[in-house]
1. Would you please list the contacts, defined by Cβ atoms under 6 Å and residues six or more apart or on different chains, that run from a residue in the range 131-159 that is closer than 20 Å to Tyr31 by Cβ and open to solvent by less than 40 Å² (accessible area, probe 1.4 Å) to a residue that is in a helix (DSSP H, G or I) and of a type outside the set (S, T, N, Q)?
2. Give the residues of the range 68-87 that are of a type in the set (Asp, Glu), more than 16 Å from Thr18 (Cα to Cα) and more than 16 Å from the chain's Cα centre (by Cα), sorted by residue number.
3. Pairs only if they're at least six apart or on different chains, beta carbon under 9 angstrom, first in the range 104-115 and acidic (Asp, Glu), second away from the ligand (no atom under 11 Å from the Cβ); list them, first residue then second.
4. Do we have Ser28 as among the polar types (S, T, N, Q) and more than 16 Å from the chain's Cα centre (by Cα) here?
5. Taking Asp93 as meeting all but one of (1) away from the ligand (no atom under 12 Å from the Cβ); (2) in contact (Cβ under 8 Å) with a residue 40 or more places away in the chain; (3) closer than 28 Å to Met204 by Cβ; (4) not hydrophobic (A, V, I, L, M, F, W, C), write down the number of the exception.
6. Just give me the residues in the range 1-19 being near the ligand (Cβ under 10 Å from one of its atoms) and either closer than 17 Å to Arg90 by Cβ or not hydrophobic (A, V, I, L, M, F, W, C) (or both), in sequence order.
7. Can you find, within the range 105-130, the residue that is nearest to the chain's Cα centre (by Cα) among those that are within 10 Å of the ligand (Cβ to nearest atom) and within 20 Å of Val66 (Cα to Cα)?
8. Quickly run through the range 188-203 and pick out the residues that are more than 9 Å from the ligand (Cβ to nearest atom) and either over 15 Å from Gly15 (Cα atoms) or among the polar types (S, T, N, Q) (or both).
Amino acid sequence: NGKINIAIDGPAGAGKSTVARRVAEALSYVYVDTGAMYRAATWYLMKHKISPENVREVLQHVPKMVIELKPDPSGQKVICNGVDVTVEIRSLDVTGNVSRYASIAGLREHLTSGQRRMAERKGVVMDGRDIGTTVLPDAELKVFMTASVKERALRRFKELREAADITLEQLERDIAARDKLDEEREVSPLRRSEDAIMLDTTQMGIDEVVDTIVSYCKTAI
Ligand code: C5P
């Protein structure tokens with residue numbers, strides 16, 4: 001069908017999801033937000049009061065979790081065992097705990113196999129932390145998107161401003177802490193795949209980043 005798979009990885013708040021969604025739109029590809037899947041799993045496990053330290057219990061619940069991403073005019077809906085959790089998974093509570101659950105190998109395997117299935121027929125733009133290294137090592141185009149911690153915190157702050165009671169300094173600390181957990185975990189840590197194109201977006205606007213990736217895509221086909 002002439003389509004390729006595109007992997008977009010990078011640290012928290014680099015703008016991956018906005019950019020990945022827009023790239024998918026521009027190419028008529030399917031956007032897959034893998035962070036939303038880790039968030040939905042976190043929401044589910046927290047709702048069942050299962051701590052990330054209790055790996056045995058987490059693994060008992062993993063096979064029961066069915067996480068779906070559904071296209072929707074307002075973006076993408078995230079459904080966990082039939083419940084629409086699109087809004088809940090963005091809470092500070094879920095955000096603050098997701099990296100702890102995401103370090104559990106058995107949970108990652110479960111979500112990774114679902115992600116691979118979604119990309120089987122190509123034409124997918126997938127964003128996350130380990131897409132280029134682990135989930136889709138054969139993706140035809142890999143981009144590693146970064147920006148300084150300060151810039152990423154500022155972007156998140158502008159996004160949240162009215163919604164949350166949090167300072168820019170606190171956001172900066174939260175983002176740095178999440179990066180550290182994601183980079184230092186043993187299974188599939190956040191890391192640039194050797195064949196990924198590095199894109200530092202600190203000084204770039206969204207349109208510019210989208211256009212750059214779409215142009216890479218044209219050369220990758
Ligand atoms: O992308 P987002 O910030 O929504 O991801 C939330 C968290 O999910 C990350 O901080 C990371 O701990 C985890 N994650 C992951 N692997 C992915 C995507 C997300 O471990 N592919």
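1. Pairs found: Leu141/Tyr216; Leu141/Cys217; Leu141/Ala220; Lys142/Gly132; Val143/Ile213; Met145/Lys16.
2. Initial filter on the range 68-87 (of a type in the set (Asp, Glu)): 68, 72, 84.
In the following step, the residues that additionally are more than 16 Å from Thr18 (Cα to Cα) were identified as 68, 84.
Passing the criteria: only Asp84.
3. Glu109/Val62
4. yes
5. It fails just one condition, (3).
6. Answer for the range 1-19, where residues must be near the ligand (Cβ under 10 Å from one of its atoms) and either closer than 17 Å to Arg90 by Cβ or not hydrophobic (A, V, I, L, M, F, W, C) (or both): Asp9, Gly10, Pro11, Ala12, Gly13, Ala14, Lys16, Ser17.
7. Gly128
8. Step one: list which residues in the range 188-203 are more than 9 Å from the ligand (Cβ to nearest atom), which gives 191-203.
Result: Arg191, Arg192, Ser193, Glu194, Asp195, Ala196, Ile197, Thr201, Thr202, Gln203.
The values are calculated or read from the model by the stated rules, or taken from the named source; none is laboratory data. Owing to the predicted nature of the structure, the values given are computational and were not obtained by experimental measurement. Because the Cβ atoms are built from the backbone with ideal geometry, glycine has one as well, and the counts that use them run over all protein chains shown. What goes into the accessible areas is simple: the full protein's heavy atoms, side chains included, and nothing from ligands, DNA or RNA. Shrake-Rupley method; radii C 1.70, N 1.55, O 1.52, S 1.80 Å.
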